[in-house]
Amino acid sequence: MQTGRVFVSHTSDAARWPAGRSFVQAALDAVVRAGLVPVDMRYFAAGERKPADYCRQRVRGCDVYVGVVGFRYGSTVPGTAVSYTELEFAEAGTAGLPRLVFLLADDSQVPRDLIDADRGAVDAFRHRLRAAGLIVREFTSAANLELEVFHALTDLDDSTLPAAPDTATSVRYSLPADTAVFTGREQEVDLITGAVAVAADHGAVMIYAINGMPGLGKTALAIHAAHLLRSQFADRQLFIDLHGHTPGQQPVTPAAALAGLLAVAGVDARHLPADLEARNALWRDRMAGQHALLVLDNAASSQQVAPLLPGDENCLVLVTSRRHLGDLPGVVVPVMLDVLQPGEAAEMFGR
């Protein structure tokens, strides 16, 4: 099979169950195992485009559609009665992509809070999927789903996918846009933007751990500081949301996060190591000698972050988390956020 991009669409319950390795993660693992590149809407950066338009664009940029559907219909596109998951399925059909659909078996044991109280909408969607003239497979476990997705992908005719490139595309920049109304935090900004001098003094990768309660602007601060420092870390400026505290989603595993980082660093999915330790070693090798800035947003724990750290002294890492991450390896500078001062809050509101 040749290299191609696989859009993995799913209902929200599939990202939360089973505990440990969700159905979505099993599908992503199958895509990588098949030597293809997974595209998952959970990892897209924030932007100014309408979510529905963005979904359509990303679906059309892929070569294969994989749908994993459980028992929750999900949020609907504004002005319609159609969920984003169904929108992606319809767009894949309009674009002429091969559509591979996998339904959680009706008799599967799933926590009640992951099932719509009124199953009318999701059951109607599942019926439409079965009636779409496609081969629809059912699954009962993460292992079962991974096997089904892997076989379905490897059975595809190679003519449906583009020719494999000689090398994977390397991405240098993936920061979200800076906010136009960033206000206050002068002391914290000054602390972080002094990172270059501090890194030179210590001869090690610098880590700034931004933590505090929800809603204080940790992500906005990290992105703002990253934009101020872009010119001093010219080789790469990368952003990844680790979903440590995202409602309805499991935290991104270190292995999955490294798969994404290695993909943007130019590693062909066919050559991606299977185990975490080997991926970590390859990531450090790829970052060696680079002046790079990495924003790890919404981290759940130090254990999630540590394998993602580059080893080169020319790198700066900004980590945001609700938890204190003082036990990370290396030189860690804590940046504690509190509520804005009244004057700063008034200025931000005015802007």
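In table form, for the structure just shown:
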{"read-out": "The listed residue being in a helix (DSSP H, G or I), touching a Ser or Thr at 6+ places or on another chain (Cβ under 6 Å) and at negative phi, out of Leu228, Leu261", "value": "Leu228"}
{"read-out": "Unmet criterion (only one of (1) open to solvent by 30 Å² or more (accessible area, probe 1.4 Å); (2) over 20 Å from Ser12 (Cβ atoms)) for Ala152", "value": "(1)"}
{"read-out": "The lone exception for Asn211 - which of (1) modelled with pLDDT under 75; (2) in contact with a Pro (Cβ under 8 Å, 6 or more places away or on another chain) it fails", "value": "(1)"}
{"read-out": "Among (1) modelled with pLDDT under 85; (2) over 26 Å from His271 (Cβ atoms); (3) of a type in the set (D, E, K, R) - the single one Asp40 does not satisfy", "value": "(2)"}
{"read-out": "Qualifying positions in the stretch 302-320 - in contact with a Pro (Cβ under 9 Å, 6 or more places away or on another chain) and surrounded by 15 or more Cβ atoms within 10 Å (Cβ to Cβ)", "value": "Ser302, Gln304, Val305, Ala306, Pro307, Leu308, Leu309, Val317"}
{"read-out": "Residues located in the stretch 231-258, provided they are outside any strand (DSSP E or B) and either of a type in the set (Gly, Ala, Ser) or surrounded by 22 or more Cβ atoms within 10 Å (Cβ to Cβ) (or both)", "value": "Ser231, Ala234, Leu242, Gly244, Gly248, Val252, Ala255, Ala256, Ala257, Leu258"}
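The values are calculated or read from the model by the stated rules, or taken from the named source; none is laboratory data. It should be emphasised that the depicted structure is a prediction, and the values quoted were computed from it without experimental measurement. With ideal geometry, Cβ positions are generated from the backbone for all residues, glycine too; neighbour counts draw on all protein chains shown. To get the accessible areas, we keep the full protein, side chains included, count just its heavy atoms, and leave off ligands, DNA and RNA. Shrake-Rupley method; radii C 1.70, N 1.55, O 1.52, S 1.80 Å.
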